[in-house]
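One structure is given here, and the rest of the page talks about it.
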Amino acid sequence: MNDSSARTDAPVLDVWCELQCPDCRSALDDLRALRARYGDRLELRLRHFPLEKHKHSFAAAQAVEEALEQGKGWEYVEAVLGRVAELDRGGEPFLVEVARELGLDAEEFDTALVDGRHILIVDADQAEGQAIGVTGTPTYVIGGERLDGGKSQEGLRERVAEIADRLLAGP
């Protein structure tokens, strides 16, 4: 999921995430802080990496893509990640309800989950993640460095900022 307001020449921070992951929920504060600090000087891209142990994560990834298409991708990500336990219990109906709460077209959301129009995007992200060694979420990739937040998020925001500052300073 690309943040469409980002500049094309900005350094890219790929965040491999899934919306049923408690560690990704914890990482939200770091992502908010990085977005506040860098704005459009850093392109923040949410990349899908649904884990088999979370039965609603694949549907949630598709839902994010539909929310992005309807113009509220990050708002949707934050709303769902903030309520991981409800996603655990509610599954796809919960995903549609969050869309409704955000003023998105809930019927179109439901249809998108049924017809699978975003499956290829999710599959491509997951395949790319596996190819570069992502094994859990969240995992960050910036400036060619992979940082695994699934093991520990301690110091990750600072490490990402350090790399981003170096990239923004240029050669």
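The values are calculated or read from the model by the stated rules, or taken from the named source; none is laboratory data. Because the structure is predicted, anything quoted here is derived from the model rather than measured. Cβ sites come from the backbone with ideal geometry, for glycine too, and all protein chains shown count toward neighbours. Please note that ligands, DNA and RNA were not included when accessible areas were found on the heavy atoms of the full protein model with its side chains. Shrake-Rupley method; radii C 1.70, N 1.55, O 1.52, S 1.80 Å.
Just a few scattered comments:
- The share of accessible area on the chain that comes from carbon and sulfur is 48 percent, using a 1.4 angstrom probe.
- Using a cutoff of 8 angstrom between alpha carbon atoms and counting only pairs six or more residues apart, the relative contact order for region 59-159 works out to 22 percent.
- Sites E75 and I119 - FRET efficiency at Förster radius 35 Å, r taken between beta-carbons, to 0.05: 0.95
- Candidates D30, D115, D14: whichever shows maximal mean-square fluctuation once the chain is modelled as a Gaussian network with Cα springs under 10 Å: D115
- The slack between R146 and L168, meaning 0.36 nm per residue of separation minus the straight C-alpha distance, is 6.1 nm.
- A cut-off under 11 angstrom between Cβ atoms defines the neighbours of C17, and their net charge, with Lys, Arg +1 and Asp, Glu -1, is -1.
- Relative contact order (percent, whole number), the chain, Cα cutoff 8 Å, 6+ residue spacing: 30
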